[in-house]
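Beneath this line is the structure, given in structure tokens, with notes to follow.
The values are calculated or read from the model by the stated rules, or taken from the named source; none is laboratory data. The shown structure was predicted, so the numbers you read here are calculated from the model rather than taken from an experiment. All Cβ positions, glycine included, derive from the backbone under ideal geometry; neighbour counts span all protein chains shown.
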Amino acid sequence: MSEAQAESPMSAKALIGIVLAAIIGIPVFIILVVKLFTGGMAIEPGNPSMTNEAIVARVQPVGFAKLDDSGPPGSRAGKAVYENVCISCHGAGLAGSPKFGDAGAWGARISKGFATLVEHATKGFNAMPAKGGAADLTDDEVARAVAYMGNAGGAKFTEPAVQGAAGAATGGKVDPAVKGKEIYEAVCVACHGTGAAGAPKFGDKAAWGPRLKDGAEAAIKIGIAGKGAMPPKGGYSGSDAEFHAAAEYMIGAAK
Ligand code: HEC
Ligand code: HEC
């Protein structure tokens, strides 16, 4: 839309028309989408299919994204992901989402820390659908968009780097399970492979059990922060999302 405006000067009337159409059209679109996935049901608070979790579960596999023109999957930068997906809610602050560039709305979110925000954006959080509804985004792409939006709201996050040519050449789509195994075998195995330095050994249910009593996410958070002989992220220098994948791979083997 902004390109069209730049090319041909527009009358104020036409501009107001477009702005009004956007203001009215976007919420109507969202209501229609929600209705579609709830089978046109009336919104009853007690209806189990109307919980945020239920709505997110229905919306997630469909996605709103049209990302084809912004680079191969896996390689898209935070700005491109934001402009193609997240903007549909965060651009205007729809549905209670923190508005892009609004430091007041982002301050309290930013103080949760990058890892938590990435997790919420990846897995969903209340009315925030998992990956903003674009299931085709990789975890790293979501993390980049979180960094891009967070920084616009006053944070100093480092946007996870876009993978090298190798990733892009294979189509760019990195299966988190494959990536997690790779990182485990390159980094975590040094201690967790044998249980060196008191590390819970790979595949050892008894060693992992007590660490997982508060859930995998709690254990992964401890791993990111570091604990005792476990250095922050196990010394891994990549993104939190990648560490997350490696930890999930280990935890999966101990279940
Ligand atoms: C369908 C609307 C919608 C889309 C699309 C959307 N969001 Fe959100 N987002 C929300 C809402 C609503 C909240 C506030 C949830 C709450 O605090 O209860 C939110 C909150 C967030 C938060 C803060 C979470 C926290 O812990 O406070 C992050 C980070 C975020 N979104 C990232 C993203 C990213 C990245 C994208 C694009 C990939 C995206 N969102 C797309 C609606 C959306
Ligand atoms: C230098 C050795 C070392 C490396 C390398 C290492 N870890 Fe650890 N890790 C430990 C030790 C020791 C503990 C137990 C810490 C404790 O309980 O005091 C641990 C604990 C953990 C925990 C459980 C945290 C808890 O207590 O709930 C997770 C998750 C974890 N590591 C993930 C990883 C991942 C993922 C990697 C690779 C990216 C990795 N670690 C690499 C030594 C290591």
Handout entry: Of all residues making up the stretch 192-236, the number that are within 27 Å of GLY113 (Cα to Cα) and in a helix (DSSP H, G or I)
Key = 20
Handout entry: Flag if ALA54 is in a helix (DSSP H, G or I) and at pLDDT 90 or above
Key = no
Practice task
Look at VAL174 and say whether it is crowded, with 19+ Cβ neighbours inside 10 Å, modelled with pLDDT under 85 and β-branched (Val, Ile, Thr).
Solution key: yes
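Residues checked against (1) closer than 16 Å to GLU185 by Cα; (2) surrounded by fewer than 18 Cβ atoms within 10 Å (Cβ to Cβ); (3) near ligand 2 (Cβ under 8 Å from one of its atoms):
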| residue | (1), (2), (3) |
| --- | --- |
| ASP204 | no, yes, no |
| ARG211 | no, yes, yes |
| ILE220 | no, no, yes |
| GLY223 | no, no, yes |
| ALA229 | no, yes, yes |
| PRO232 | no, yes, no |
| GLY235 | yes, yes, yes |
Exercise for the section: Six or more apart or on different chains, Cβ under 8 Å: which pairs go from a residue in the stretch 93-108 that's under 16 Å from TYR82 (Cβ atoms) and at pLDDT below 95 to one that's in a loop (DSSP other than H, G, I, E, B) and of a type in the set (Asp, Glu)? Could you list them? Expected result: GLY93/ASP102
Problem - Any chance PHE125 is within 15 Å of the chain's Cα centre (by Cα) and under 18 Å from ILE224 (Cα atoms) - result: no
Completion exercise
In the set ALA241, ALA246, ALA216, ALA225, the lone residue that is within 16 Å of ligand 1 (Cβ to nearest atom) and closer than 24 Å to VAL146 by Cβ is ALA241
Problem - Condition check for GLU185: part of a helix (DSSP H, G or I), outside the structural domain of LYS112 (by TED's automatic domain parsing) and in contact (Cβ under 8 Å) with a residue 40 or more places away in the chain - result: no
